[in-house]
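This report refers to the structure that appears directly beneath it.
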Amino acid sequence: MTILYSAYSIAVGIRGKHLLGTGIVIPLMEIYELLTMLPRQSFEYTRQEFARDLYFLDKSGVAQTKKGHHLHFHASTGIKDATKTLSVITQGGRLRSYYGTSFILS
């Protein structure tokens, strides 16, 4: 979760540091692009692997950083563009889609 929070913080910082901790939703594809900025990194760590890792994090129940920011995932039911969402088949055989994430300081 530390790397996810770090990339989220960078994306929020681009929009304005005052937004950190407010719960602004950042698209997960934007976070993935930050994580795979180096050449060939997206070949080493694919979108599907990122989606799998998000699912395992979501399923783990770990939802708080050491600094007290609570993780929230946001699904995308209204977006039809598959390039903006990440989807996995859960262990129960259902489709789980992720669009964005937010961290709220509580």
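The values are calculated or read from the model by the stated rules, or taken from the named source; none is laboratory data. Quantities reported herein were computed from a predicted structural model and do not represent experimental measurements. Because the Cβ atoms are built from the backbone with ideal geometry, glycine has one as well, and the counts that use them run over all protein chains shown.
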Exercise. Might you let me know whether region 35-47 holds any residue that is under 16 Å from residue 2 (Cβ atoms), assigned to a helix (DSSP H, G or I) and not small (Gly, Ala, Ser)?
Key: yes
Quiz item: When you go through 19, 57, 4 one by one, which is the residue that is under 20 Å from residue 106 (Cβ atoms) and in contact (Cβ under 8 Å) with a residue 60 or more places away in the chain?
Solution: 4
Quiz item: Out of region 81-99, which residues are surrounded by fewer than 18 Cβ atoms within 10 Å (Cβ to Cβ), among the β-branched types (Val, Ile, Thr) and either within 12 Å of the chain's Cα centre (by Cα) or modelled with pLDDT of 90 or more (or both)?
Solution: 89, 90
Quiz prompt | Any hit, region 61-75, residues being in contact with a Gly (Cβ under 9 Å, 6 or more places away or on another chain), over 16 Å from residue 7 (Cα atoms) and touching a residue at least 40 places away in the same chain (Cβ under 8 Å) | solution = yes
Practice problem: Could you look through region 55-102, keep only residues that are of a type in the set (A, V, I, L, M, F, W, C) and touching a helix residue (DSSP H, G or I) at 6+ places or on another chain (Cβ under 6 Å), and pick out the one that is nearest to residue 11 (Cα to Cα)? | Solution: 73
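Can you tell me which residue among 14, 3, 24, 31 is of a type in the set (A, V, I, L, M), crowded, with 16+ Cβ neighbours inside 10 Å and assigned to a helix (DSSP H, G or I)? Can you show your working first?
Values: 14 fails: crowded, with 16+ Cβ neighbours inside 10 Å; 3 fails: crowded, with 16+ Cβ neighbours inside 10 Å; 24 fails: assigned to a helix (DSSP H, G or I).
Only one candidate qualifies: 31.
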Quiz item: For region 4-35, what are the residues that are at pLDDT below 95 and hydroxyl-bearing (Ser, Thr, Tyr)?
Solution: 5, 6, 8, 9, 22
Quiz item: Restricting region 60-80 to residues that are under 11 Å from the mean Cα position of the chain (by Cα) and either at pLDDT 90 or above or not aliphatic (A, V, I, L, M) (or both), which is farthest from residue 106 (Cα to Cα)?
Solution: 74
